[in-house]
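> Take a look at the following structure, please.
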Amino acid sequence: MKKTDEQLISDYLEGDEKSLEVLVDRYLINIYNFVYKLVNDRQAANDISQESFIKAWKNIRKYRQGSNFQNWLLTLTRNTAIDWLRKRKDLSFSIFENEKGVNIFSETLVDDKPSPFELLTQAEDTIFVEALLNELNPQYRDVLTLRYSSDFTFEEIGKLLKRPLHTVKSQHRRALVALRRLLEAQSA
């Protein structure tokens, strides 16, 4: 019989190290995919996922019995990813960037249209959709990622993101409209 998350947590807190391993195995792929959709960087997704599980291990005693463990873990993971994104944003990626983050060198390049090779790469659905998602407001991207990658209901998304249900639904609609506009712009 498959143990519930709460049973596994209780077993772990009573000294059964294997129970934590089962929990990690149960959620590892979902956590990695969730993080990858947020940061669009495989190495960072690995690092953030690992850091999230370490934080979960350190804070497992703070988990409230009776609440949804997956939501708790995803909230912890989302916060870890946001911290990583904030740190990354502070870094200057080029010696050509000024203090405002504008790359003077790339601004002066003549042809900013994608090459034929780049257009072929965009044809791959997954990569193309991920690129579109990265152009969205992070609040919209979170809602779409949770809805379509993790199969969360609007209610679950609201609880996880600590937003009212009507806000989640509204952000979902706005995200779809924004995606449509981005697709139309790409087609033009």
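> Quick one: what are the phi-derived ³J(HN,Hα) couplings along the range 12-22, Karplus 6.51/-1.76/1.60 with θ = phi - 60°, whole Hz, x for glycine and proline?
For the range 12-22, the Karplus curve yields 5, 5, 8, x, 8, 4, 4, 4, 5, 4, 5 Hz.
> Could you give me the ³J(HN,Hα) list for the range 134-139, computed from phi with Karplus coefficients 6.51, -1.76, 1.60 and θ = phi - 60°, whole Hz, x at Gly and Pro?
Result, rounded to whole Hz: 5, 7, 7, 4, x, 5.
> Also, I was wondering about something else. Where does each of 43-54, 166-177 land if you order them by average Cβ count within 10 Å, highest first? Don't skip to the answer; put the middle values down first.
Numbers: 43-54: 17.6, 166-177: 15.8.
My ranking of the peptides, most packed first, is 43-54, 166-177.
> Turning to a different aspect of this structure: Students often get this wrong, so check it: of Lys3/Lys55; Lys62/Lys169; Lys18/Lys87, which have C-alpha atoms separated by over 24 Å? Before the final figure, lay out each step's value.
Numbers: Lys3/Lys55 22 Å; Lys62/Lys169 30 Å; Lys18/Lys87 34 Å.
Too far apart for the 24 Å limit: Lys62/Lys169; Lys18/Lys87.
> What length, rounded to one decimal in nm, is gained on full extension from Tyr148 through to Ile60, with 0.36 nm per residue of separation minus their alpha-carbon distance? Could the numbers behind the result be given before it?
Numbers: separation 88, 0.36 × 88 = 31.68 nm, distance 2.78 nm.
In short, 28.9 nm is gained.
Read the figures in this text as sums done on the coordinates, not as results from a lab. Because the structure is a prediction, the values reported are computed rather than measured. Methodologically, a virtual Cβ is constructed for each residue, glycine included, from the backbone with ideal geometry; neighbour enumeration extends over all protein chains shown.
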